[in-house]
Amino acid sequence: MLYRALFGLALCCALAVGLSTPHPADAQDKDAIVKGAKAVAVANLKKANIDKPTVVETANYLVAGALPPEKAKALGEALEKATAVARKALKFDDKEAPWKGKLTVYFMPDSAEYKALMRRAFQVAPEGIHSDLRADPPFLVDPAEAPAKTTDAELYFNTAARIAGEHLKGKGTGTQNVPDWLRDGFGRVTAMRAEGTTARRYTAYRTQARAAIAKGAKLDDVWGEAKSAANDVLGQSLAEYLTFGPGAAKFPMILSGLMPSENNDAPTFPQALEAAGLREKDKGFAPLEAAWRKWAAGK
């Protein structure tokens, strides 16, 4: 009897250890996936006539291009900082990811190399940032378009902002009909917050948002057809209010409201707000607008 009891106890312990310890094959599979993604990135860059491609791995990304390894590492650090802030704001759990495996980020500031990569590797027209989060491996191509004399840090910030925005698009099912202003507004605010809320970029943005609010900015200025620098700032402000500010509690319902359904294959943002209970019967969006304006003007 004692032997049987001891054998049973040992068996239970062995099973417990087996269940709690990651299987070596899992780590090997992940390594194989990353190795394969690196090989794909190198092959794609060579198609763009880059003889000595750079592919630097970080915790969540493969940074690829013709840039020196030290610059690729600096970009990777900017991506990781923004990613941490984005995941926290969007309430990703430890096992949740917006895409499968590590995202390959092609950083292509050279126009000729960018165009060659787009046409030869991906066989699409070279028209701005291009991404496919559902591809195997998932990727994003950033032409790093910017005015002359733009610093590397500024270029890295722009890429980090876009990647943060892609997290919003990839949250949950990843099928949400996310408007560009929300993706980009959330992305830029997230990248700014990753730099620090006392940093120059963030404080300048908040000052611009307060000024726009003081001039009578409304919700329609955010999702309307008119586009301007002021509209971009307002989009960032509303995105921040809804993800980092007082509106964050309702944001998961807004994202759900942006998912296509049998009755609506392209829900609009106002429709998503209504689905989240933010449109009142007699007052419309006036209470939401008032709350956002007060918050934006007060910080």
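The values are calculated or read from the model by the stated rules, or taken from the named source; none is laboratory data. Fair warning: this is a prediction, and the values are worked out from it, not measured in the lab. Cβ sites come from the backbone with ideal geometry, for glycine too, and all protein chains shown count toward neighbours. Just the protein is used for accessible areas: all its heavy atoms, side chains included, with ligands, DNA and RNA removed. Shrake-Rupley method; radii C 1.70, N 1.55, O 1.52, S 1.80 Å.
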Here the residues within the stretch 86-136 that are in contact with a Leu (Cβ under 9 Å, 6 or more places away or on another chain) and either within 15 Å of PRO53 (Cβ to Cβ) or polar (S, T, N, Q) (or both) are THR104, VAL105, TYR106, PHE107, MET108, PRO109, GLU113, LEU117, ALA121, SER131
Filtering the stretch 137-178 down to residues that are touching a helix residue (DSSP H, G or I) at 6+ places or on another chain (Cβ under 9 Å), without any contact (Cβ under 8 Å) to a residue 40 or more places away in the chain and among the charged types (D, E, K, R) yields ASP142, GLU145, ARG162
When the stretch 80-109 is checked residue by residue, the ones that are among the β-branched types (Val, Ile, Thr) and within 21 Å of GLY185 (Cα to Cα) are THR83, VAL85, VAL105
The correct count of residues that are more than 24 Å from VAL34 (Cα to Cα) and either touching a Phe, Trp or Tyr at 6+ places or on another chain (Cβ under 6 Å) or surrounded by fewer than 13 Cβ atoms within 10 Å (Cβ to Cβ) (or both) in the stretch 145-182 is 9
Subject >> ALA97 vs. criteria outside any helix (DSSP H, G or I), assigned by the TED database to the domain that holds PRO53 and open to solvent by less than 20 Å² (accessible area, probe 1.4 Å) >> reply: no
Please verify whether the stretch 46-53 includes one or more residues that are of a type in the set (A, V, I, L, M), buried (at least 19 other Cβ atoms within 10 Å of the Cβ) and in a helix (DSSP H, G or I). no
All-but-one check, ALA59 against (1) under 23 Å from the mean Cα position of the chain (by Cα); (2) in a helix (DSSP H, G or I), failing number (2)
Whether any residue in the stretch 68-75 is aliphatic (A, V, I, L, M), out of contact with any helix residue (DSSP H, G or I) (no Cβ under 8 Å at 6 or more places or on another chain), part of a helix (DSSP H, G or I) and open to solvent by less than 70 Å² (accessible area, probe 1.4 Å) is what I want to check. yes
| request: Looking only at the stretch 132-154, decide whether some residue is in contact with a Lys or Arg (Cβ under 6 Å, 6 or more places away or on another chain) and farther than 12 Å from TYR61 by Cβ. | output: no
Restricting the stretch 220-268 to residues that are aromatic (Phe, Trp, Tyr) and under 18 Å from ALA89 (Cβ atoms), the one surrounded by the fewest Cβ atoms within 10 Å (Cβ to Cβ) turns out to be PHE244
Checked the stretch 91-116 for anything touching a helix residue (DSSP H, G or I) at 6+ places or on another chain (Cβ under 6 Å) and among the aliphatic types (A, V, I, L, M); matches are MET108
